[in-house]
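K.L.:
Pasting a structure here, questions to come.
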């Protein structure tokens, strides 16, 4: 199963004893191609605004607030927004600003 996330929870990243996690960076076009080519996939994007931004960037996904518990053979596709500054208390980014954020993509193999 291929899961799409917009962050990587620390508890998922830490392997069990004897396990290895392989993390591979991808370009945006590689990430979109991987997602588009998979028939066994699930979005785990938990906020509508995040899904909307990813769709506008070309990654066709939907809001699907699920808990991901990957098992052997599963692959995570992570789309991590990387804003250029930290928000002040109570401040919000506009959609226009968010659309300009670089997004770092990677896969994590289980």
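K.L.:
Restricting to helices (runs of 4 or more DSSP H) lying wholly in region 2-75: which have 1 or more residues that are within 23 Å of residue 92 (Cα to Cα)?
P.N.:
Because the criterion is at least 1 residues that are within 23 Å of residue 92 (Cα to Cα), the helices (runs of 4 or more DSSP H) in region 2-75 that meet it are 48-56.
K.L.:
Does residue 79 meet the test of being part of a strand (DSSP E or B) and surrounded by 13 or more Cβ atoms within 10 Å (Cβ to Cβ)?
P.N.:
Judged against the criteria, residue 79 is a match.
K.L.:
Evaluate the following for residue 60: is it free of Cβ contacts under 8 Å to residues at least 60 places away in the same chain and surrounded by fewer than 11 Cβ atoms within 10 Å (Cβ to Cβ)?
P.N.:
In short, no.
K.L.:
I'd like the residue in region 57-72 that is farther than 13 Å from residue 42 by Cβ and in contact with a strand residue (DSSP E or B) (Cβ under 8 Å, 6 or more places away or on another chain) and, out of all such residues, is modelled with the highest pLDDT.
P.N.:
Top of the filtered list is 59.
K.L.:
Just to be sure I understand, how many residues within region 20-38 are more than 12 Å from residue 75 (Cβ to Cβ) and in contact (Cβ under 8 Å) with a residue 60 or more places away in the chain?
P.N.:
Result for region 20-38: 4.
K.L.:
If I ask for residues that are surrounded by 13 or more Cβ atoms within 10 Å (Cβ to Cβ) and touching a residue at least 24 places away in the same chain (Cβ under 8 Å), which ones from region 63-76 would you list?
P.N.:
Within region 63-76, 68, 70, 74, 75, 76 qualify.
K.L.:
Which of the residues spanning region 86-98 are closer than 24 Å to residue 9 by Cβ and either assigned to a strand (DSSP E or B) or at pLDDT below 85 (or both)?
P.N.:
Matches in region 86-98: 87, 92, 93, 98.
K.L.:
With respect to residue 101, is the statement that it is farther than 23 Å from residue 41 by Cβ and under 18 Å from the mean Cα position of the chain (by Cα) true?
P.N.:
Working: farther than 23 Å from residue 41 by Cβ: yes; under 18 Å from the mean Cα position of the chain (by Cα): yes.
So residue 101 fits the description; yes.
K.L.:
Provide a single number: the residues in region 3-37 that are surrounded by 15 or more Cβ atoms within 10 Å (Cβ to Cβ) and over 15 Å from residue 110 (Cα atoms).
P.N.:
Result for region 3-37: 7.
The values are calculated or read from the model by the stated rules, or taken from the named source; none is laboratory data. Since this is a predicted model, take the numbers as computed values, not measurements. All Cβ positions, even for glycine, are placed from backbone atoms using ideal geometry, and neighbour counts span all protein chains on display.
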